[in-house]
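What follows is one structure encoded as structure tokens, with my remarks underneath.
Read-outs throughout are calculated quantities, based only on the coordinates presented, and are distinct from any laboratory measurement. Since the model is a prediction, treat every value here as computed from it, not as a measurement. Positions of Cβ are backbone-derived with ideal geometry, glycine not excepted, and every protein chain shown enters the neighbour counts.
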Amino acid sequence: MRVLVVEDCRRLAELLAEGLWDQGIAADVAYDGTEAADKLGVNSYDVVVLDRTLPGIPGDTLCQMVSSSSQRSMVLMLSGAASPAERVDGLRRGADDYLVKPFHFPELVMRVRALARRQPRALPKLLRAGGVELDSLYRTVTRYGQRLELRAKELAVLEALMAASPGYLSAEQLLEKVWDENADPFTKTVAVTIGRLRRKLGEPPVIETAIGVGYRVVGKTPGEPS
């Protein structure tokens with residue numbers, strides 16, 4: 001999952017992005033509406049966390065732009081205005097959900113995940129391949145019925161590979177889907193994460209590497225019954 005956080009308070013924007021990153025969610029940041037519009041024109045996002053009061057392009061205008069785009073992202077609108085009329089107005093402008101400041105971060109994460117599940121190109125709830133079952137809603141992974149304890153990024157990499165199965169994803173594609181726009185394209189982070197994931201998944205191997213091509217999960221296609 002990839003999220004764009006649009007918030008003019010830099011400290012809050014960075015805290016939200018860091019918190020989402022810790023949850024295994026790739027998060028980019030824009031500090032005004034104009035920068036957000038530029039990033040939306042280049043990148044594809046599952047969810048946009050959008051502050052309603054923005055310099056540059058106003059939040060309401062940006063919301064309408066996102067909701068009418070052919071590359072539709074789900075919008076979680078943030079605002080300090082708590083009246084029912086304000087919330088209704090935000091939803092009328094194309095927001096898919098509305099969260100009043102101040103809020104608890106776990107609630108924001110829950111709402112982001114829920115919106116991603118409603119996204120037209122959302123993944124099926126259960127992904128299965130090679131004896132592995134990944135529940136994309138509850139963020140759990142089992143292999144042959146045994147629960148595996150994965151780090152947030154390990155789970156996100158596995159989810160991306162299972163969603164792409166039987167196709168390959170390159171290291172660059174995994175960086176884009178699981179990390180963020182600031183990730184170093186020459187980093188070995190992907191290879192290191194894949195290595196840890198392989199060890200935790202055990203035998204027989206689930207992840208296949210093709211030199212010069214990328215990685216893929218060996219097994220059934222996403223959502224296919226065991």
With bins of 10 Å, the percent of all Cα-Cα pairs of segment 2-118 per bin from 0 is 15, 54, 30, 1
Taking the Cα atoms of segment 78-154, what is the range of coordinates along each of the three principal axes, in descending order and whole Å? 50, 26, 17
Starting from the Cα-Cα distance between Ser69 and Glu18, subtract it from 0.36 nm times their residue separation and give me the gain in nm to one decimal. 15.6 nm
Compute the signed sum of charges (Lys and Arg +1, Asp and Glu -1) over the other residues within less than 11 Å, Cβ to Cβ, of Cys63. -1
Calculate the radius of gyration of the Cα atoms of segment 126-217 to one decimal place, then report Dmax, the largest Cα-Cα distance, as a whole number, both in Å. 12.4, 37
Mind checking which aspartates and glutamates have their Cα closer than 12 Å to the Cα of Lys125? Skip sequence neighbours fewer than 8 apart in that chain. Glu133, Asp135, Glu159, Glu224
Candidate aspartates and glutamates - alpha carbon under 19 Å from Lys39, same-chain residues fewer than 8 apart omitted: Glu7, Asp8, Glu14, Glu18, Asp28, Asp51, Asp60, Glu172, Glu176, Asp180, Glu181, Asp184
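Work through the residues other than Arg87 whose Cβ is under 12 Å from its Cβ and net out their charges, Lys, Arg +1 and Asp, Glu -1. Walk me through the numbers on the way to the answer.
Values: positive: Arg52, Arg92, Arg93; negative: Glu86, Asp89, Asp97.
Computed value for this residue: 0.
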Which of these, Gly33, Gly167, Gly145, has the largest mean-square fluctuation under a Gaussian network model of the chain (Cα springs below 10 Å)? Gly145
Percent of all Cα-Cα pairs per 10 Å bin for the chain, counting from 0 up to the last occupied bin, reads 8, 33, 32, 19, 8, 1
